[in-house]
1. Give the order of A:245, A:87, A:71 when sorted by the count of other beta carbons within 10 angstrom, beginning with the fewest.
2. What ranking of A:100, A:368, A:200, A:223 emerges when the number of other C-beta atoms within 10 Å of each C-beta is taken as an exposure proxy, fewest first?
3. Using Cα atoms only, what is the angle between the long axis of helix A:168-177 and the major principal axis of chain A, expressed in degrees (0 to 90) to the nearest 10?
4. If one takes the longest principal axis of the Cα atoms in chain A, at what angle in degrees, from 0 to 90 and to the nearest 10, does the Cα axis of helix A:330-340 lie?
5. Give the order of A:249, A:254, A:168 when sorted by the count of other beta carbons within 10 angstrom, beginning with the fewest.
6. Using 7 Å Cα-to-Cβ label points, what is the residue A:401/residue A:67 separation (nm, one decimal)?
7. Please report the relative contact order for chain A, taking Cα pairs under 8 Å with a sequence separation of at least 6, and give it as a percent rounded to a whole number.
8. For chain A, what is the calculated [θ] at 222 nm in deg cm²/dmol (nearest 500), taking -39500 (n - 2.57) for each run of four or more DSSP H residues and dividing by its residue count?
RNA sequence: CGGGCUGUAGCGCAGCUUGGUUAGCGCGCCUGCUUUGGGAGCAGGAGGUCGCGGGUUCGAAUCCCGCCAGCCCGACCA
């Protein structure tokens, strides 16, 4: 009899598989308040790696980090009509504090356009103060009825950028720049995830935005996940918060603002885009631990050799850790590292050492090769590079195989059972969008025929990408 | 908010129909010995207000009533 699988196989029950991975790879736990999430050290290490990579890109795009308060006066939210309408169902509101009822209730930020707008108004006087490019790393609260760890929780962690510009074109260009140079670059180069970049339909747009650009990724069950968004807010918030500047002709004008964010949801996306029946598969560029050196048995100088290997790998710039827990069976430890998705395992045992070699195992492919002890660092480096490329190629192949180009709504329905459908936006329209919604299918984004970003909803010959989504 | 289901050890469950010893099983946990090249084996051990409250009964995890909580499906979201 074969052993029971470590995880529920994806093909049996994908959501169950997801929960199993989150639990067994020790990524997160449910918090005591329904919908809240405890991020465990390994899950948080993944998030910290994401933060580091995204933060560096944000700074390269010229934005600076700052921090705004968790509590926002309720009145701020109500100043922008669409914004308050969009968020009010999921607001957590503090009515009592300091032992008494508050004169004005305070909301826990669901996003910070409003507070930041208030301060932009204070700080911006002249066109010389523009553009103002701010970002903050923070937690936000959006009360959720149907929570799922990482994908949808009542409190989550994210980065939210908020910028102000002299005119529409500068704002639009910056929102697009962030989307491509920060988000797409990060998702493709670090997460090894292919994504569609497109424009949200009016129905799917951020409350208060005039345009929302999205990164849409496909999970291994064929469903879509929105991995990040950038919004052009036009002058909506500038008017609501009176953010004005004196232009170079001495004329007072409202600024044009943008906002953009990615969250801990990306951890969920990463799990579901790459994970397999043995657990997580982390792309090497992201992985908190890129290589684990595993002592098979602590005899004949094996531990010493393993220690040296770890030091050598670290010297070569590899994030390497030692697993010298020789009191736990080899098989158990091997499965644990597979669950955690560590890209490369270097196994060292007496037999290897006797031959002057080590066993190198790739997590993504499962391939095992013997390499000379003296060439380990180089072999690990090569394996990491190959794994990064192969994970991307695999995800891209799966996505393209599960994306059908169709012509009609009926065909789109069919295709969305297993993946994405691409069809002319003209064949969908707002009525078609409502029709699809009845089956739980949404228009993920609109693209031009060549895959580039549309400048307007009513451009001719736009293509709609539709799918079921998380 | 409407419909369906479930509450028994950290997790997953059996037991309930037909009330009756000390409430079991798997995983996990602790101790010891033997193990360690794919989730170890054996032996011993710890761990429970059976969701909560009431009722029926000599006796309730089991039957009855009420409550509470959670899960799944229909309107929104990073």
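Computed from the coordinates by the stated procedures, all read-outs in this text should not be read as laboratory data. Source: prediction; values computed, not measured. Neighbour counts are summed over all protein chains in view; Cβ atoms, including those assigned to glycine, are modelled from backbone coordinates with ideal geometry.
1. Listing A:245, A:87, A:71 from fewest to most nearby Cβ atoms yields A:71, A:87, A:245.
2. A:100, A:368, A:223, A:200
3. The answer is roughly 10 degrees.
4. Around 10 degrees separate the two axes.
5. Ordered from fewest to most neighbouring Cβ atoms within 10 Å, A:249, A:254, A:168 come out as A:249, A:168, A:254.
6. Taking the simple label geometry, residue A:401 and residue A:67 are separated by 4.7 nm.
7. This gives 14 percent for chain A.
8. Details: 14 runs with 150 residues, N = 470.
After summing the helix terms and dividing by the residues of chain A, the value is -9500 deg cm²/dmol.
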